Amino acid sequence: MSNAAATATVVDQYCTFWVAGHFFGVSVNEVQEVLRHQPMTPVPRANEAVRGLINLRGQIVTAVDLRVRLGLPPRPEGELPMNVIVRSRGEVVSLLVDDIGDVIDTAGLELETVPSTMPATVQDVVLGVRPMTDAILLVLDADRAVDIFAGAENTGGIHDRTTQEAGSGKHGSR
């Protein structure tokens with residue numbers, strides 16, 4: 001199979017959004033829909049990045065706050081997140097973002113490596129960058145972005161942060 005080549009070159013259209021001033025895009029092939037803020041049911045003892053569950057027309061969807069997941073500053077008080085509903089590994093997950101952008105076509109733009117100046121937590125979930133005339137698009141890997149559930153112990157991508165959380169959670173686990 002040539003999964004790596006197909007992943008890196010085929011996608012030209014991205015659903016864009018902002019998180020803490022960073023301009024992200026996720027392949028339109030992975031996006032189910034975008035929604036305004038939705039009421040959420042909190043999940044006790046869940047990872048800090050899991051803000052709750054959303055009832056999406058009868059389907060229960062986990063909402064992952066990308067600010068928390070990426071270790072970015074918290075959303076200002078009173079600002080409600082928007083939902084980018086993505087499909088990842090057969091599941092539907094909501095990525096909580098600050099604002100939704102347009103669907104953009106990046107045909108002809110090269111996918112470049114992520115600058116080393118980006119925070120490591122952002123580098124872990126970005127496939128590359130596409131320089132545009134007025135911004136740099138961070139191409140998000142939706143699978144890695146929602147990988148807070150299994151990735152904490154297996155990939156090490158969020159190990160440091162998760163270790164801190166696990167340390168505080170172990171005391172109350174029994």
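The values are calculated or read from the model by the stated rules, or taken from the named source; none is laboratory data. Owing to the predicted nature of the structure, the values given are computational and were not obtained by experimental measurement. Every residue, glycine among them, receives a Cβ derived from its backbone with ideal geometry; neighbour counts consider all protein chains shown. Keep in mind that these areas ignore ligands, DNA and RNA; they rest on the heavy atoms of the full protein, side chains included. Shrake-Rupley method; radii C 1.70, N 1.55, O 1.52, S 1.80 Å.
Which one of these does Val146 not meet: (1) surrounded by fewer than 21 Cβ atoms within 10 Å (Cβ to Cβ); (2) out of contact with any Phe, Trp or Tyr (no Cβ under 7 Å at 6 or more places or on another chain)?
Condition (1) is where Val146 drops out.
Does region 10-27 include one or more residues that are at pLDDT 95 or above, among the hydroxyl-bearing types (Ser, Thr, Tyr) and under 15 Å from Asp98 (Cβ atoms)?
yes
Only residues that are in contact with a Lys or Arg (Cβ under 9 Å, 6 or more places away or on another chain), open to solvent by less than 60 Å² (accessible area, probe 1.4 Å) and either assigned to a helix (DSSP H, G or I) or under 15 Å from Leu138 (Cβ atoms) (or both): list them for region 20-68, please.
Result: Ala20, Gly25, Glu30, Arg67, Val68.
Output the number of residues of region 88-109 satisfying the condition of being open to solvent by 10 Å² or more (accessible area, probe 1.4 Å), modelled with pLDDT of 95 or more and not β-branched (Val, Ile, Thr).
Here the count works out to 4.
Which residues, counting only those in region 115-141, are open to solvent by 30 Å² or more (accessible area, probe 1.4 Å), assigned to a loop (DSSP other than H, G, I, E, B) and among the β-branched types (Val, Ile, Thr)?
If the condition is that a residue be open to solvent by 30 Å² or more (accessible area, probe 1.4 Å), assigned to a loop (DSSP other than H, G, I, E, B) and among the β-branched types (Val, Ile, Thr), then Thr117, Thr133 are the ones that fit.
So if I check each of Gly167, Gly156, which one is modelled with pLDDT under 90, at positive phi and not basic (Lys, Arg)? Break it down stepwise before answering.
Details: Gly167 fails: at positive phi.
Of Gly167, Gly156, the one residue that is modelled with pLDDT under 90, at positive phi and not basic (Lys, Arg) is Gly156.
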